[in-house]
């Protein structure tokens, strides 16, 4: 998992004037924080969402629950990020935490993972990816960066990459 975070940090800061030394950022990585996020998203541990102690048993919104999205929004908001959602279908909801850049706010790096899963109590699909993005957000949200960073959590990826495709199409239309 440290390799994933190392890649994320290097990608975000490759073209950027370094906010901090890369090794300093990597040293702030906390395996317990990462594991806690995986356990909460996979239903191993309960979590308080919207003031209620609950267990996330299924991460697909189409079964009538947006627990995962509410969980992600609360965590990103807790890091002081601008939280936005993108509803693109009856059930599809992408969640973004946006950290605005100081020098180039209109240029962004995206660190993302899909938050839906194919079955009940899924850890690796894709709680581990979400945990890596969330840990990156936890660490980098405490730094000042030249470029905007978007922490993206896409929905309905298991159904055909719908959430990320929708965001990509919207970004393309905005750039034209």
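The values are calculated or read from the model by the stated rules, or taken from the named source; none is laboratory data. Please read all numbers here as calculations on a predicted model, not as lab measurements. Every residue, glycine among them, receives a Cβ derived from its backbone with ideal geometry; neighbour counts consider all protein chains shown.
For the stretch 20-30, does any single residue satisfy the condition of being under 18 Å from residue 133 (Cβ atoms), within 16 Å of the chain's Cα centre (by Cα) and at pLDDT below 55? The answer is no, given that none of the residues of the stretch 20-30 is under 18 Å from residue 133 (Cβ atoms), within 16 Å of the chain's Cα centre (by Cα) and at pLDDT below 55.
Show me the strands (runs of 3 or more DSSP E) entirely contained within the stretch 63-161 in which 3 or more residues are at pLDDT 90 or above and in contact with a helix residue (DSSP H, G or I) (Cβ under 8 Å, 6 or more places away or on another chain).
Where strands (runs of 3 or more DSSP E) fall fully within the stretch 63-161 and carry at least 3 residues being at pLDDT 90 or above and in contact with a helix residue (DSSP H, G or I) (Cβ under 8 Å, 6 or more places away or on another chain), they are 93-99, 104-114, 147-154.
For the stretch 47-56, the condition holds for no residue, the condition being that it is farther than 18 Å from residue 129 by Cβ, at pLDDT 85 or above and within 12 Å of the chain's Cα centre (by Cα). For the stretch 32-46, taking the residues that are over 17 Å from the mean Cα position of the chain (by Cα) and surrounded by fewer than 16 Cβ atoms within 10 Å (Cβ to Cβ), the one that is modelled with the lowest pLDDT is identified as 44.
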